[in-house]
Amino acid sequence: MNRNNSVLSLITAILLIISQPCLSQIQSPKEFFGVELGQRFTPYPDVEAYFQHLSENDGRVDMEYYGESTEGRPLWLMFIGSEPDIKEKKALQEKYQALANGKTTDDLKPLVWMSYNVHGNEAVGTESAIRTIYHLLTDEASQKILDDIFIIMDPCLNPDGRERYVNFYRENIGKKMDVQPWTMEHLEPWPGGRPNHFFFDLNRDWLWQSQQESQLRMKQYLAWQPQVHIDFHEQNINSPYYFAPAAKPYHSAITDWQKEFQRLSGENIANYFDQRGEVYFTKERFDLFYPSYGDTYPTFNGAIGMTMEQGGSGRAGLGVLNETKDTLTLEARIENHHYAALGILKASQENPKQLIDKFKEYRASNTTKNGFEAYLIDKNTPHLASLLTFFDRNQVKYEEAKLDKDMKSAYNYHQQKTTTVPAAEYILIPTEQPSSTLIDILFEKETDLEDSLTYDLTAWSIPFAYGANTYGINTKLSTKTYEATKVEKLSIDTEPYALIIPMKSKEAKALYSHLKKEKYKLRIAQRAFEIEDKKFPRGTAVITRADNRKKNNWHNKVAAFAAEKSVNLVPLKGGYAASGFDIGSDYFTYREAPKVVLLGGDGISSLDYGSIWHYFENELQYPVHRVNLKHFGYIPLDEIDVIIMPSGSYSSQLKDEQWKQIESWVKRGGRLIATERAASFVARKRESSFESKEKDETKKEAKLSDFENVRRESVSSKLSGGIFNTKMDSSHPLALGYESDYFLIKSGEVTLPLLKSGDNYLIHHDDMKAILGFTGSKAKDSAQGKLIMGVESVGRGEIVYMTDNPLFRAFWENGKRLYFNAVFHKM
């Protein structure tokens, strides 16, 4: 060999080592874990340890802690890029924020965010994250990717759900996997690993951010504002891989560029899959309409959001036979997600300028489909604090405005027409801001749905969700920075006759439930009243000196509790009413603090159960005793005041003997609350209490099947997902806090006839129509004039029927008082 060539080869080898100083220090997943990826599900602590190893041994990776899950597991982000980018990460973040504010930034490379395992039992996600990050750091061709784009990876959005699944699988697998799909390792017990600790679907929580994990993650996401977001999922074991482009309907706010980049990404992924002989589908099933998903929420903030769906999920385990009798393995699922990621990274690498320019253009644009320059929200809205917190979390800017006189020609959302805006103080949300498109979607006044075959809700508008009097305006108003009124502890020198709690806000309800828990005695006003020149509405809570004599220094303790909850109290010197009824009247009702049981277990909707559990534990902070239905016999029924039956299939789970025990308990004074399918179950058991269903005597014409359009035909029976105005008996004790109109989000398909002798306190209009969203024609016809909420007196107790859950996904603030009333108020 030529000596010069030998020297040259040596120098080349040295330069290669110098240019990649970290490669020899990085262990592969097999070296680190002792097994190949896909041979087991990696426990979360091991996942953390491996990412920490990468961060400590490679200058192109940085691991950043951003909080804890509900069960206390650390949440991490992995930053992946060139060494200079990692070193200047803080300065880079400031540039991305400037871009998100519509400002020009020079030489900024695209930012791609990759999210894994938002559903816990879609456990391939985290495994694939490990596969992809190691590939990016060790594959020679990938070095150019890290030079051209910056990557943020969230390897596990839902560690609590994932560990629930991984632990289940480890406990049930034998020495070898059993690929038969009907064996124990493929059938998770209730509630399954999909949801988080409170059984919420975190992939429906991007916008609402009701859960701790969502709040922490979105704070980080909006601090960086990526141009591309990839959301990795799994679907059923028989489905081929799905990737973008998405199915219709597309929301009208989605731009041509966002659609085009989906196409470019899809073509890249298809090339990878074609080379490997993998089957796949696009443009079906997964649409881009509802704004609280991991693809739509980033899209409505200017990025291109895309969902990837691998066949598998909780049924798959390490390997399972699918319908073609092929074994779907964890290794294959990992590889598919990995190549999908590479396809999108390649598309981002190939289109850097357009990604940056189009994102800036989206964020700088202030065009509004609704046609308003600003929105006005009445400052007296009951849920104002919650609404402003929602705006803050979503980086929606707002100010304060005052009208000294009425203003004409504004669009009134609740009345759905142009009206006068009364003189008052308002929150003003200008549309001229970086989040203008998201704001437009939040305040939709009509649904623009190009196809009724949609995956989820078709309506969500903020004025209805928060019960807020809202106006769309095109008039410039003088504004000032909004400053929340700080609640100071009420200073009470003399023991008052009573303390008043205005029950408008969720903070007030939390105070009420806290005082109940602490054995304070409170009364609820069933009628409006006026005392000492102060007017109070129906539903106001009253704490009297007479009822609480045994509580030492009761008034100052209550005042301290109120300050902690940010609730303003009103002290009264006496109980004589100038109008309405005196405080000693029977119209001020008292009920002991209820002892509440929430049923769960097989057959019961974990999502419905979770929304109720979360409401009690996080919002009311009131004890609820959670009991698995199979342990029903252990409940000391005579010590229980309220039993809650979440939606579910009870016919096969609740034995006749147990139902008779519940019915007997109700007759002795218990209150049963049944929601959605549970309400249907109870209604069937008590069929004679309801009006008979009308029989259709019309002779049906024989009709040939239309198999091609059977799915589209089924949509005509779809009732869920729209917003409806309803009829309410606002004088009813369980409707306290509401006016005659109530805006309902229809969360399910359940309808019930009216009660014969009970109280039908919330029903659908006879000419029922959706204010917003899609409703099938057949479904609408079947629900018109039907029951939404009613209460039946049975002996000394009651059964409360709710065909929809007011706590649905924790975002319909305007409905939560209905649930509160059903639990705490006396009939």
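At-a-glance table
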item: Complete set of residues in region 514-535 that are without any contact (Cβ under 8 Å) to a residue 40 or more places away in the chain, open to solvent by less than 20 Å² (accessible area, probe 1.4 Å) and not in a loop (DSSP other than H, G, I, E, B); result: none
item: Scan of region 429-444 for residues that are part of a strand (DSSP E or B) and surrounded by 22 or more Cβ atoms within 10 Å (Cβ to Cβ), ordered by number; result: I429
item: Positions within region 247-287 being in contact with an Asp or Glu (Cβ under 6 Å, 6 or more places away or on another chain) and open to solvent by less than 30 Å² (accessible area, probe 1.4 Å), in sequence order; result: A247, P249
item: Residue in region 101-123 that is closer than 30 Å to P195 by Cα and assigned to a helix (DSSP H, G or I) present; result: no
item: Selection count, region 552-574, where residues are in a loop (DSSP other than H, G, I, E, B) and either within 38 Å of the chain's Cα centre (by Cα) or closer than 15 Å to Y590 by Cβ (or both); result: 5
item: Residue match in region 469-482 (condition: of a type in the set (G, A, S), modelled with pLDDT under 95 and farther than 28 Å from L442 by Cβ); result: no
item: Number of the exception - F536 against (1) touching a Leu at 6+ places or on another chain (Cβ under 6 Å); (2) within 22 Å of G580 (Cβ to Cβ); result: (1)
item: Region 629-667, residues that are within 30 Å of R809 (Cβ to Cβ) and aromatic (F, W, Y); result: F632, Y650, W659
item: Per-region count, region 655-678, residues assigned to a loop (DSSP other than H, G, I, E, B), over 26 Å from K746 (Cα atoms) and open to solvent by less than 70 Å² (accessible area, probe 1.4 Å); result: 2
item: When residues of region 536-550 are limited to those that are in a loop (DSSP other than H, G, I, E, B) and over 40 Å from the mean Cα position of the chain (by Cα), the one surrounded by the most Cβ atoms within 10 Å (Cβ to Cβ); result: R545
item: Test: W208 is of a type in the set (F, W, Y) and crowded, with 19+ Cβ neighbours inside 10 Å; result: yes
item: Some residue of region 478-492 being touching a Leu at 6+ places or on another chain (Cβ under 7 Å), surrounded by 21 or more Cβ atoms within 10 Å (Cβ to Cβ) and of a type in the set (V, I, T); result: no
item: L328 open to solvent by 20 Å² or more (accessible area, probe 1.4 Å), modelled with pLDDT of 95 or more, not in a helix (DSSP H, G or I) and not acidic (D, E); result: yes
item: Unmet criterion (only one of (1) modelled with pLDDT of 95 or more; (2) under 15 Å from A223 (Cα atoms)) for N101; result: (1)
item: Any hit, region 373-387, residues being surrounded by 14 or more Cβ atoms within 10 Å (Cβ to Cβ), at pLDDT 95 or above, among the hydrophobic types (A, V, I, L, M, F, W, C) and assigned to a helix (DSSP H, G or I); result: yes
item: Hey, Q661 polar (S, T, N, Q) and over 19 Å from L807 (Cβ atoms) or not; result: yes
item: Candidate set: region 620-635, residues that are assigned to a helix (DSSP H, G or I) and open to solvent by 30 Å² or more (accessible area, probe 1.4 Å); chosen: the one farthest from V596 (Cα to Cα); result: K630
item: Qualifying residue in region 412-424 (condition: in contact (Cβ under 8 Å) with a residue 40 or more places away in the chain, in contact with an Asp or Glu (Cβ under 7 Å, 6 or more places away or on another chain), assigned to a strand (DSSP E or B) and more than 30 Å from F286 (Cα to Cα)); result: yes
item: Criterion: in a helix (DSSP H, G or I) and open to solvent by 20 Å² or more (accessible area, probe 1.4 Å) - qualifying residue of K816, K727, K778; result: K778
item: Residues of region 366-394 satisfying the condition of being under 24 Å from D448 (Cα atoms) and without any contact (Cβ under 8 Å) to a residue 60 or more places away in the chain; result: F391
item: When residues of region 502-550 are limited to those that are touching a Ser or Thr at 6+ places or on another chain (Cβ under 7 Å) and aliphatic (A, V, I, L, M), the one nearest to F820 (Cα to Cα); result: M503
item: Region 463-477, residues that are out of contact with any Asp or Glu (no Cβ under 8 Å at 6 or more places or on another chain), open to solvent by 10 Å² or more (accessible area, probe 1.4 Å) and under 26 Å from G737 (Cβ atoms); result: Y471
item: Close pairs (6 angstrom Cβ cut-off, 6 or more residues apart or separate chains): free of Cβ contacts under 8 Å to residues at least 24 places away in the same chain in region 654-675, among the β-branched types (V, I, T) anywhere; result: none
item: Among (1) surrounded by fewer than 20 Cβ atoms within 10 Å (Cβ to Cβ); (2) closer than 30 Å to F300 by Cβ; (3) of a type in the set (A, V, I, L, M, F, W, C), the one test that L457 misses; result: (1)
item: Count of region 782-808 residues which are touching a Leu at 6+ places or on another chain (Cβ under 8 Å), closer than 22 Å to P463 by Cβ and outside any strand (DSSP E or B); result: 2
item: Cross-chain or 6+ apart pairs with Cβ under 7 Å, region 16-41 first and among the charged types (D, E, K, R), then at pLDDT 85 or above and assigned to a helix (DSSP H, G or I); result: E36/K30
item: The lone exception for S82 - which of (1) under 29 Å from K358 (Cα atoms); (2) at pLDDT below 95 it fails; result: (2)
item: Options P191, P159, P155: the member that is under 23 Å from the mean Cα position of the chain (by Cα), more than 24 Å from D46 (Cβ to Cβ) and surrounded by 16 or more Cβ atoms within 10 Å (Cβ to Cβ); result: P191
item: Odd one out for G174 among (1) closer than 28 Å to G601 by Cβ; (2) crowded, with 23+ Cβ neighbours inside 10 Å; result: (2)
item: Filter pass, G125 being touching a Lys or Arg at 6+ places or on another chain (Cβ under 7 Å) and of a type in the set (G, A, S); result: no
item: Residues being surrounded by 21 or more Cβ atoms within 10 Å (Cβ to Cβ) and of a type in the set (D, E, K, R) - total across region 781-800; result: 2
item: Enumeration of residues in region 676-687 that are touching a residue at least 12 places away in the same chain (Cβ under 8 Å) and not hydrophobic (A, V, I, L, M, F, W, C); result: E676, R677, S680, K685, R686
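The values are calculated or read from the model by the stated rules, or taken from the named source; none is laboratory data. All figures in this text were calculated on a predicted structure; none of them were measured in a lab. Positions of Cβ are generated from backbone atoms using ideal geometry, with glycine treated the same way; all protein chains shown enter the neighbour counts. Ligands, DNA and RNA are excluded from the accessible area calculation, which covers all protein heavy atoms including side chains. Shrake-Rupley method; radii C 1.70, N 1.55, O 1.52, S 1.80 Å.
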